[in-house]
1. Name the residue, out of Val368, Val433, Val400, that is crowded, with 24+ Cβ neighbours inside 10 Å, under 20 Å from Gln273 (Cα atoms) and in contact with a strand residue (DSSP E or B) (Cβ under 8 Å, 6 or more places away or on another chain).
2. Out of everything in region 450-496 that is of a type in the set (A, V, I, L, M, F, W, C) and part of a loop (DSSP other than H, G, I, E, B), what residue ends up being farthest from Leu88 (Cα to Cα)?
3. Looking at Ile223, Ile239, which one is among the aliphatic types (A, V, I, L, M), crowded, with 18+ Cβ neighbours inside 10 Å and closer than 20 Å to Ile341 by Cβ?
4. Looking at region 194-216, I want the residues that are assigned by the TED database to the domain that holds Ile239 and have a partner that is open to solvent by 70 Å² or more (accessible area, probe 1.4 Å) and modelled with pLDDT of 80 or more with Cβ atoms under 9 Å, at least 6 apart or on another chain. Which pairs are those?
5. As an exercise: evaluate Ile167 against (1) of a type outside the set (Ser, Thr, Tyr); (2) under 30 Å from Thr222 (Cβ atoms); (3) touching a Cys at 6+ places or on another chain (Cβ under 9 Å) and give the number of the one condition it does not meet.
6. Does Asp266 qualify as being charged (D, E, K, R) and either modelled with pLDDT of 90 or more or within 18 Å of the chain's Cα centre (by Cα) (or both)?
7. Out of the residues in region 539-555 that are within 22 Å of the chain's Cα centre (by Cα) and surrounded by 15 or more Cβ atoms within 10 Å (Cβ to Cβ), which is nearest to Ser90 (Cα to Cα)?
8. Filter region 513-538 for residues that are within 23 Å of the chain's Cα centre (by Cα), open to solvent by 100 Å² or more (accessible area, probe 1.4 Å) and modelled with pLDDT under 80 and give the result.
Amino acid sequence: MVILHRTSSALIWYRLTSCRYKHRLNHPGVHIPHGVQYKVSQNLPDEYVDHPLYPAVRSKYPPGSWGSMEPKKAWMHFELGEKHYRHLKSVKERLTIMAYQNMMCYYDKLDVEQIDSKLIWMLTGQPRSPRSLPFYKHITRTHVTDELPKFYEQMDVESLLTYVKPILIDRILTNEYAQKDDIPLEDMYDKGGYKVPSIMKEKQLKIDQRRTTNVLTDMVRTIVNVLAEHKPYLRKALIGSDVPVEAWWSLSLDGQKYDRAKWHHDQNTTSFQFRDKAAVQVKTSKPLKSIVDPNSTLCQTPVPLCPYHPPAFKVFTDRYLPMQIPGHWHGEGHDFNLLSIYSMDSLCQHGSDFNEDELLPSLMSWIVNAGHAELLAQAYYLGFSMWREPTYPLIAQTAVSNRRQWIFGVYQLNTISHFKPHDAQTTTNICWVSPLMNLYDRVENGELVNFNDDVLRHLLRFILNEPIMEPNWNLTPYVEDISNIDERYKKFIRNLYEVVKLEKQDSREHHRWAKIHHDTTVFNRRYAMMTTLFKDIVFDNWPREWYGRTLERIERKKNMPTFKEYDLLMSVSR
């Protein structure tokens, strides 16, 4: 009996302990009362129909041409573009978000604020290395021809040339003889000290560029004033000097391996930022007519890949805010460029790396890069983007000159979705370039020796290329009408775009290869201030990744659990 008693006691103890911890092992952290658990019958409603209603099966690729891109990344890009055009009502908002995404604020695992400023390949109009034309053709997806379009030859400008030529010669001679060098007081007499050649060379370059800008501006203004009486579109044209031109775009790597300047949304792409100043720019409110049909054989010519990396062409990275500036800020009107002329004094007179046979390809690279950047920024202002291709071709007329030598180019922009692989490109951009010509050989005894009328003919034909005054298509198909929104939202859009227009965006002093943490920038602080002042609009219209540092901190504190919830629901190991 004693043995039976011990056995029964051990059996009872085992059954009690096993029943006690059985539910806790199956349901960690939640106490379920003891007792027999009965299954509860589920009374499902009668929702049967004759034909089953299944959700639509998503296709492998989104609409459009994607080539060899992975389906997951193709859908990521497609949804990213849909999100931009769904939540952002105006172009100014899109330009601001484009800038913010390259200098975003986030929080690490220890809830420490970090500023992730991405590196970008920085470009200028002037190529820094000879034989760089294949590289610029590759990054802009441009096919280049070495002659201007034939329709320019059909313009009769002989009578106008006879009338304008003596006026322009007088303007050029006046500027050549009237402009004197601004000599500082300390340089008016020789002290006998050593003068650094590089500093003197830089001073002379600035003097030459100022002279070139003045001469080109006087020439263009004279021609426009003469033609404005008979050409209505020139009466309202805007002429500017030293006009900034900036453009940002993302380019597919096409299997190449880059160790830096990768786009944060897709590691298989890299980013480029163009920055330069046009000596003279003429702007109108209507677009130029296209040169060729985008569906023509010429626009489907494949562009060969360039296997070399940007540092091989002296193109390096820097931390910069992505900007789109076609020569004016958005909202100022006159969104289309009629003519842009760049000064090439730095390339022709002080470019020791370029020989005579390398000068023409380098100038062609300049026209390709400048024309592409100018039209790309213009396309963003019209509502297009890397996710929304232009619905009609955009045309730019570009010239590069140092007062004596001239080269002309015409650029037609057909596509701007450079983030797609090379095999997904159905159309290419086209650039027509003229040979290098001399307007005159030299100034001697108050005359221009060997004045070339062909250069003046090209300049007159570019200005006489009349825009389409009444286009039969929508110039801004992806821009919503925001005239009906409330005044507070309009004020928010206006103030938010002013943050992008700051001249000094990044106040930090750091090396371009350094990744700075625990710090912020002028742009981030002002962006956070604007989103906080208009947080009701931001909460109602924007996704969380665009909130900014202040609203992100508020949201994290709002969603942070209390001590009791943290103790019960989250494990210690987390």
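The values are calculated or read from the model by the stated rules, or taken from the named source; none is laboratory data. Because the structure is a prediction, the values reported are computed rather than measured. Here the Cβ positions follow ideal geometry from the backbone for every residue, glycine too, while neighbour counts run over all protein chains shown. These accessible areas exclude ligands, DNA and RNA; they are computed on the full protein's heavy atoms, side chains included. Shrake-Rupley method; radii C 1.70, N 1.55, O 1.52, S 1.80 Å.
1. Val368
2. Phe451
3. The match here is Ile223.
4. Matching pairs, first to second residue: Thr213/Asp242; Val215/Arg171.
5. Single failed check for Ile167: (3).
6. Working: charged (D, E, K, R): yes; either modelled with pLDDT of 90 or more or within 18 Å of the chain's Cα centre (by Cα) (or both): yes.
In short, yes.
7. Across region 539-555, the extreme among qualifying residues is Trp542.
8. Once the filter is applied, which keeps residues that are within 23 Å of the chain's Cα centre (by Cα), open to solvent by 100 Å² or more (accessible area, probe 1.4 Å) and modelled with pLDDT under 80, region 513-538 yields Trp513, Lys515.
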